[in-house]
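The values are calculated or read from the model by the stated rules, or taken from the named source; none is laboratory data. It should be emphasised that the depicted structure is a prediction, and the values quoted were computed from it without experimental measurement. Here Cβ is always computed from backbone atoms with ideal geometry, including for glycine, and neighbour counts include all displayed protein chains.
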Amino acid sequence: MVLTLLAFQRAVRSRDWELRLSALEEFTKYVFSMNMRNYSTLCAWHVAEMKFLKKSDTETWSNIRSQWTPSKSEIPFCHLGSDEALEQENRKMKVTGGVVGITQNAQTLTKFFLVSAEQAKICSEIRELNPGVHKGKNDHHELSKSKSSQYQKSLKKLTDCAQNFINPFEYEGNDLINLVSMTVAPPEVAHDVTSMPVQGFKQHETFVQQRIVLQTVKFWDALPQKKLKLFSSTVKAVQVKTTDGVVQIKEDRKLFA
């Protein structure tokens, strides 16, 4: 799953439409296995729709493929997701001289939105006239000294965390363990966790065939729930009566078997 996350991020930053769809389809099997109804249905529908679009409307497909992420600079690997770019644009307005202090005045707010685009355009043109503003524009922001220092600190924290618990890179056993509590997962939990991608993939394929391709089942009908046993199922809530009242604790399920 980690590699899929990185692949999706790379797809956005490099505007790789095919990689995005591939990573999203890979995600879908996990959301199906985790019983995430909205993510499951909408992701499956979106991927299927885009596959159909590639064959049915090549012009629209080409336009989406080349313009699906905005970019604010010419530096490679700096494209943004549409929602992320929108948040950045919204942030520009939340300053003095922007929408701050006028949100309760409908007439003033309307005037602001009518002229703000032209103001932004003028400011952008003025900045382009000043070469000093674009100093270092060819350097990716992730390569700055501050980012490098931040990465070193994060790496040290991660290393310290691994040393305090079980280092996953040094563990040579075959059991599935919790890195923090060092608890060995029962066989049924280990089976469900390791088979989660396969079970999610099968459910995804069934969903697409029955509800999108053949339409023998209504699209919004209830989804069958996957009752997978995960690490959370290895703990059991127990109520203990004390002089101060009832205290609820959690312990390993095996201790109470």
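Can we say Leu53 is within 12 Å of Leu21 (Cβ to Cβ), loosely packed, with under 14 Cβ neighbours inside 10 Å and not acidic (Asp, Glu)? When the stated conditions are applied, Leu53 passes them.
Could you list, in sequence order, the residues of the stretch 60-111 that are hydroxyl-bearing (Ser, Thr, Tyr) and either modelled with pLDDT under 85 or in contact with a Phe, Trp or Tyr (Cβ under 7 Å, 6 or more places away or on another chain) (or both)?
Those that are hydroxyl-bearing (Ser, Thr, Tyr) and either modelled with pLDDT under 85 or in contact with a Phe, Trp or Tyr (Cβ under 7 Å, 6 or more places away or on another chain) (or both): Ser73, Thr96, Thr103.
Does the stretch 166-189 hold any residues that are under 13 Å from Ser233 (Cβ atoms) and at pLDDT below 85, and which are they? Within the stretch 166-189, Asn178, Thr183 qualify.
With respect to the conditions (1) over 24 Å from Lys226 (Cβ atoms); (2) of a type in the set (S, T, N, Q); (3) touching a Cys at 6+ places or on another chain (Cβ under 7 Å), Thr96 lacks only one, and its number is (3).
Scan the stretch 19-51 for residues that are without any contact (Cβ under 8 Å) to a residue 12 or more places away in the chain and polar (S, T, N, Q) and jot them down. Once the filter is applied, which keeps residues that are without any contact (Cβ under 8 Å) to a residue 12 or more places away in the chain and polar (S, T, N, Q), the stretch 19-51 yields only Asn38. Quick check, is Pro187 out of contact with any Ser or Thr (no Cβ under 6 Å at 6 or more places or on another chain) and surrounded by 12 or more Cβ atoms within 10 Å (Cβ to Cβ)? No, not satisfied.
Any residue at all in the stretch 138-150 that's surrounded by 10 or more Cβ atoms within 10 Å (Cβ to Cβ) and at pLDDT below 75? Scanning the stretch 138-150 turns up at least one residue that is surrounded by 10 or more Cβ atoms within 10 Å (Cβ to Cβ) and at pLDDT below 75. Inspection of the stretch 9-18 identifies no residue that is farther than 29 Å from Asp139 by Cα and in contact (Cβ under 8 Å) with a residue 40 or more places away in the chain. The set of residues from the stretch 179-209 being in a helix (DSSP H, G or I), in contact with an Asp or Glu (Cβ under 9 Å, 6 or more places away or on another chain) and farther than 22 Å from Ala23 by Cβ comprises just one member, Ala190.
Total residues in the stretch 60-100 satisfying the condition of being assigned to a helix (DSSP H, G or I), without any contact (Cβ under 8 Å) to a residue 24 or more places away in the chain and surrounded by 14 or more Cβ atoms within 10 Å (Cβ to Cβ): the figure is 3. Could you list, in sequence order, all residues of the stretch 192-210 that are farther than 15 Å from Phe27 by Cα and free of Cβ contacts under 8 Å to residues at least 12 places away in the same chain? The answer is Thr206, Gln209, Gln210. Tell me, yes or no, whether the stretch 157-178 has at least one residue that is part of a helix (DSSP H, G or I), more than 25 Å from the chain's Cα centre (by Cα) and closer than 30 Å to Phe52 by Cβ. For the stretch 157-178, residues part of a helix (DSSP H, G or I), more than 25 Å from the chain's Cα centre (by Cα) and closer than 30 Å to Phe52 by Cβ: absent.
Only a single criterion out of (1) closer than 30 Å to Gln209 by Cα; (2) among the aliphatic types (A, V, I, L, M); (3) within 17 Å of the chain's Cα centre (by Cα) is not satisfied by Met50, namely (3). Residues that are out of contact with any helix residue (DSSP H, G or I) (no Cβ under 7 Å at 6 or more places or on another chain) and more than 20 Å from Trp68 (Cα to Cα) within the stretch 1-46 comprise Val2, Leu3, Met34, Asn35, Met36, Arg37, Asn38, Thr41, listed in sequence order.
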